[in-house]
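Q: Shown below is the structure under consideration.
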Amino acid sequence: MGAWMELFERVNGCTACGLCKGRTHAVPGEGDPKAALMLIGEGPGAEEDRLGRPFVGASGQLLTGMLEAIGLARGQVYIANVVKCRPPANRTPTPDEAAACLPYLRRQVALIRPKAIVLLGATAARYTLGDQVRIGRDHGQWQKRAGVWMMPTYHPSALLRDPGLKALAWQDFQSLQAKLQEIEDG
Ligand code: URA
Ligand code: SF4
């Protein structure tokens, strides 16, 4: 796991963008380094910054519950974010911040080689699939990019703000469960 150690050390010491100034802990990501499924969020919030772990606050609890509902434990997947350091007051990362940090995410994808990637919210979707993605329109739709199945869906924090979206997100997660089964069946 030398490559992972090196990556984590680089992230933890990174000063490539201004977000390094406000961090308590960088949040590189966690999970199974051989996971078939990777989930990508936007960036750490307060609780994540405090603990150095992704999706451990209120959004994280919802996400963990949704994964469990389709039969996945957190340890079976890999969870990461577009930016590894918390943006002040949880604002959206700027394009410059995302650009500075994206090489780490690309490296994670290259090391894990997941079969499917779920993009949680507009930030993750836009920096991976492109600027044209609109979550309200495109959520739940799969596309294959460089051999990897990719699907945008709502960010769990959007579901906490607007519980009316939960039914749509739940459909996306059922589609995810079916896609993973399809992949497993080859
Ligand atoms: N929101 C995110 O996008 N990522 C986290 O890790 C936590 C909350
Ligand atoms: Fe480095 Fe990413 Fe943190 Fe910016 S957000 S300092 S690029 S690790």
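The values are calculated or read from the model by the stated rules, or taken from the named source; none is laboratory data. Everything quoted here is computed from the prediction, not taken from an experiment. Methodologically, a virtual Cβ is constructed for each residue, glycine included, from the backbone with ideal geometry; neighbour enumeration extends over all protein chains shown. These accessible areas exclude ligands, DNA and RNA; they are computed on the full protein's heavy atoms, side chains included. Shrake-Rupley method; radii C 1.70, N 1.55, O 1.52, S 1.80 Å.
Q: Answer yes or no as to whether P114 is closer than 13 Å to L39 by Cα and within 16 Å of ligand 1 (Cβ to nearest atom).
A: Values: closer than 13 Å to L39 by Cα: yes; within 16 Å of ligand 1 (Cβ to nearest atom): no.
Considered against the rule, which asks whether it is closer than 13 Å to L39 by Cα and within 16 Å of ligand 1 (Cβ to nearest atom), P114 comes out as no.
Q: While we're on this one: Could you list all residues from region 18-61 that are acidic (D, E) and within 11 Å of ligand 1 (Cβ to nearest atom)? If you could, list the steps in order and put the result at the bottom.
A: Quick first cut of region 18-61, residues acidic (D, E) only: 30, 32, 42, 47-49.
Scanning region 18-61 gives E30, E42, E47, E48, D49.
Q: Same structure again: Would you be able to say whether some residue in region 55-62 is in contact (Cβ under 8 Å) with a residue 12 or more places away in the chain, surrounded by fewer than 19 Cβ atoms within 10 Å (Cβ to Cβ), touching a helix residue (DSSP H, G or I) at 6+ places or on another chain (Cβ under 7 Å) and under 30 Å from G147 (Cα atoms)? Give the derivation first.
A: Taking region 55-62 and keeping what is in contact (Cβ under 8 Å) with a residue 12 or more places away in the chain, we get 55, 57-60, 62.
Filter again for surrounded by fewer than 19 Cβ atoms within 10 Å (Cβ to Cβ), leaving 58, 62.
Pick out the ones that are also touching a helix residue (DSSP H, G or I) at 6+ places or on another chain (Cβ under 7 Å) and you get 58, 62.
Next, only the ones that are under 30 Å from G147 (Cα atoms) stay: 62.
For region 55-62, residues in contact (Cβ under 8 Å) with a residue 12 or more places away in the chain, surrounded by fewer than 19 Cβ atoms within 10 Å (Cβ to Cβ), touching a helix residue (DSSP H, G or I) at 6+ places or on another chain (Cβ under 7 Å) and under 30 Å from G147 (Cα atoms): present.
Q: Name the residues in region 1-17 that are open to solvent by less than 40 Å² (accessible area, probe 1.4 Å), within 10 Å of ligand 2 (Cβ to nearest atom) and either at pLDDT below 95 or not in a loop (DSSP other than H, G, I, E, B) (or both), would you?
A: Of everything in region 1-17, just one residue is open to solvent by less than 40 Å² (accessible area, probe 1.4 Å), within 10 Å of ligand 2 (Cβ to nearest atom) and either at pLDDT below 95 or not in a loop (DSSP other than H, G, I, E, B) (or both), namely V11.
Q: Moving on to the next point. Condition test on D138, is it open to solvent by less than 90 Å² (accessible area, probe 1.4 Å) and either out of contact with any Phe, Trp or Tyr (no Cβ under 9 Å at 6 or more places or on another chain) or more than 25 Å from F8 (Cα to Cα) (or both)? Working first, answer last.
A: Values: open to solvent by less than 90 Å² (accessible area, probe 1.4 Å): yes; either out of contact with any Phe, Trp or Tyr (no Cβ under 9 Å at 6 or more places or on another chain) or more than 25 Å from F8 (Cα to Cα) (or both): yes.
Yes; evaluated as a whole, the condition is true for this residue.
Q: Please give the number of the condition I79 fails out of (1) out of contact with any strand residue (DSSP E or B) (no Cβ under 8 Å at 6 or more places or on another chain); (2) outside any loop (DSSP other than H, G, I, E, B); (3) surrounded by 14 or more Cβ atoms within 10 Å (Cβ to Cβ).
A: If we test I79 against (1) out of contact with any strand residue (DSSP E or B) (no Cβ under 8 Å at 6 or more places or on another chain); (2) outside any loop (DSSP other than H, G, I, E, B); (3) surrounded by 14 or more Cβ atoms within 10 Å (Cβ to Cβ), just (1) comes out false.
Q: For region 123-186, give me every one of the helices (runs of 4 or more DSSP H) that falls completely inside it and has 3 or more residues that are closer than 18 Å to M38 by Cα. Give the steps one after another, and end with the answer.
A: Details: elements: 135-138, 156-161, 166-185.
So the answer is 166-185.
Q: If you take the residues in region 25-54 that are free of Cβ contacts under 8 Å to residues at least 40 places away in the same chain and assigned to a loop (DSSP other than H, G, I, E, B), which one is most open to solvent (accessible area, probe 1.4 Å)? Before you say what the answer is, go through the steps one by one.
A: First, pick out the residues of region 25-54 that are free of Cβ contacts under 8 Å to residues at least 40 places away in the same chain: 25, 47-54.
Adding the requirement that they be assigned to a loop (DSSP other than H, G, I, E, B) leaves 25, 52-54.
Numbers: H25: 81, G52: 21, R53: 100, P54: 1 Å².
Filtering region 25-54 for residues that are free of Cβ contacts under 8 Å to residues at least 40 places away in the same chain and assigned to a loop (DSSP other than H, G, I, E, B), the one most open to solvent (accessible area, probe 1.4 Å) comes out as R53.
Q: Quick one: in region 63-76, which of the residues that are aliphatic (A, V, I, L, M) and either open to solvent by less than 50 Å² (accessible area, probe 1.4 Å) or within 16 Å of ligand 2 (Cβ to nearest atom) (or both) is farthest from W170 (Cα to Cα)?
A: We begin by selecting, within region 63-76, every residue aliphatic (A, V, I, L, M); these are 63, 66-67, 69-70, 72-73.
From what is left, the residues that are either open to solvent by less than 50 Å² (accessible area, probe 1.4 Å) or within 16 Å of ligand 2 (Cβ to nearest atom) (or both) are 63, 66-67, 70, 72-73.
Values: L63: 11, M66: 8, L67: 10, I70: 10, L72: 14, A73: 17 Å.
Out of the qualifying residues, it is A73.
Q: Considering each of Y127, Y154, Y104 in turn, give the residue that is more than 25 Å from N12 (Cα to Cα) and under 14 Å from the mean Cα position of the chain (by Cα). Lay out the reasoning, then the answer.
A: On the way: Y127 fails: more than 25 Å from N12 (Cα to Cα); Y104 fails: more than 25 Å from N12 (Cα to Cα).
Exactly one of Y127, Y154, Y104 is more than 25 Å from N12 (Cα to Cα) and under 14 Å from the mean Cα position of the chain (by Cα), namely Y154.
Q: Going through region 147-167 one residue at a time, which ones are in contact with a helix residue (DSSP H, G or I) (Cβ under 9 Å, 6 or more places away or on another chain), among the hydrophobic types (A, V, I, L, M, F, W, C) and open to solvent by 40 Å² or more (accessible area, probe 1.4 Å)? Let's see the steps before the verdict.
A: Filtering region 147-167 down to residues in contact with a helix residue (DSSP H, G or I) (Cβ under 9 Å, 6 or more places away or on another chain) leaves 148-160, 165-166.
Restricting the remaining residues to those that are among the hydrophobic types (A, V, I, L, M, F, W, C) gives 148-151, 158-160, 165.
Result: W149, L160.
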